[in-house]
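Heads up, the thing below is written out as structure tokens.
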Amino acid sequence: MSASIQTMNGDVPVFYVADEHDHPPGQSTMLGFWLYLMSDCLIFAMLFATFGVLGTSYAAGPGPKDLFDLKLVALNTAMLLFSSITYGFAMLEMMKGKKNTTLLWLAITGLFGFAFLCIELYEFHHMIHEGAGWWRSAFLSSFFTLVGTHGLHVTFGIIWLVVLMVQVAKFGLIEANQRRLMCLSMFWHFLDVVWIGVFTFVYLMGVVR
Amino acid sequence: MSADAHAGHDHGDRAHDHGHDDGRDHGSMKSYLTGFILSVILTAIPFYLVMTGAIENKNWTIAIIVAMAMVQIVVHMIYFLHMNTTSDSGWTMMALIFTLIVVVIALSGSLWVMYHLNVNMMPVHDMRNML
């Protein structure tokens, strides 16, 4: 606000913002969390750039065509997409103030997330079992770093989800819990956005090339 | 204009700020379903194209799947993340635009520089030195 001079008792000037508006807790949380997501976005951008540079250095080892099973990746993508829409339903129930249905949708979201992780770990296990681990070539190092970092984010997202479910079950849909659920909602949808990049640039383009 | 009149005017200007409408959109059933259906379409087409090899030309296939990914990212931003230009007085949009600029510079710069390093510093198989 402009440096206005308000007069108190008619003649004594006061040189500070007299009508400072209040800052309730959590008012700026959403913007702050968005800034965190943007910095996370930079991490993924760097990992994508690394994969873009090293993605064709196979060191005479297996390439994407030998390793990637697109049916599995399609299934994985479906899991993450379903978990996104079910989290959306949880948010809608939260807005209506329905605690039990919110918890139900959150649980379904968690199960889809867990299924995603299981499929990804199965894929990793399969590749490592065939000797195509992160040590094999620069392509595989950058692949495991990029996809692994995304998987780690999903893992922590699920842990966060379970913690919030306990919170909601115990304290109900209080304002603080609503704020936390909105943060996790942004985090969860953000991970789905990153996954779009992963399945397009890593899996599909890898197989086409 | 006297100081008193100025202060009074300023106060009136700020009055509506106290309502604190952050312009944040929390979505509706319709917006979530729209986003979901669009995402399913935009995911299914690239997978179909690559898995069946429907288009012979690889460059066209890559161009199409990249374009679909870009569109799907925008769809997610609008329908799932509820991006708009008014939430938090536009600061979320500002942060997003700044991040996108940095990401584009870093990605294109890395790929450009490293591609040229690869091309220009490719070891020349000159056997004369090995004699």
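The values are calculated or read from the model by the stated rules, or taken from the named source; none is laboratory data. These numbers come from a predicted model, not from an experiment. Positions of Cβ are generated from backbone atoms using ideal geometry, with glycine treated the same way; all protein chains shown enter the neighbour counts.
Sort out which residues of the stretch B:68-94 are more than 7 Å from every other protein chain (Cβ to nearest Cβ), over 15 Å from residue B:34 (Cβ atoms) and either at pLDDT 90 or above or crowded, with 16+ Cβ neighbours inside 10 Å (or both), and write them in order of number.
Once the filter is applied, which keeps residues that are more than 7 Å from every other protein chain (Cβ to nearest Cβ), over 15 Å from residue B:34 (Cβ atoms) and either at pLDDT 90 or above or crowded, with 16+ Cβ neighbours inside 10 Å (or both), the stretch B:68-94 yields B:68, B:70, B:87, B:93, B:94.
Can residue A:148 be described as at positive phi, of a type outside the set (A, V, I, L, M, F, W, C) and surrounded by fewer than 18 Cβ atoms within 10 Å (Cβ to Cβ)?
Criteria not met by residue A:148.
Taking the stretch A:72-96 on its own, how many of its residues are within 7 Å of chain B (Cβ to nearest Cβ), buried (at least 23 other Cβ atoms within 10 Å of the Cβ) and closer than 21 Å to residue A:127 by Cβ?
1
Within the stretch A:134-162, which residues are in a helix (DSSP H, G or I), over 13 Å from the mean Cα position of the chain (by Cα) and more than 20 Å from residue A:205 (Cα to Cα)?
Scanning the stretch A:134-162 gives a single hit, A:162.
Could you pull out the residue among B:105, B:73 that is within 17 Å of residue A:202 (Cα to Cα) and without any contact (Cβ under 8 Å) to a residue 40 or more places away in the chain?
The conditions single out B:73.
Determine, yes or no, whether residue A:102 is more than 10 Å from chain B (Cβ to nearest Cβ) and β-branched (Val, Ile, Thr).
Yes.
Of the residues A:44, A:51, A:33, A:68, which is touching a Cys at 6+ places or on another chain (Cβ under 6 Å) and at pLDDT 75 or above?
Going through A:44, A:51, A:33, A:68 in turn, just one is touching a Cys at 6+ places or on another chain (Cβ under 6 Å) and at pLDDT 75 or above: A:33.
Quick one: would you say residue A:165 is touching a residue at least 40 places away in the same chain (Cβ under 8 Å), in a helix (DSSP H, G or I), under 18 Å from the mean Cα position of the chain (by Cα) and farther than 23 Å from residue A:35 by Cα?
The answer is yes for residue A:165.
Can you tell me which residue is farthest from residue A:120 (Cα to Cα) among those in the stretch A:16-71 that are of a type in the set (Ser, Thr, Tyr) and in a loop (DSSP other than H, G, I, E, B)?
A:16
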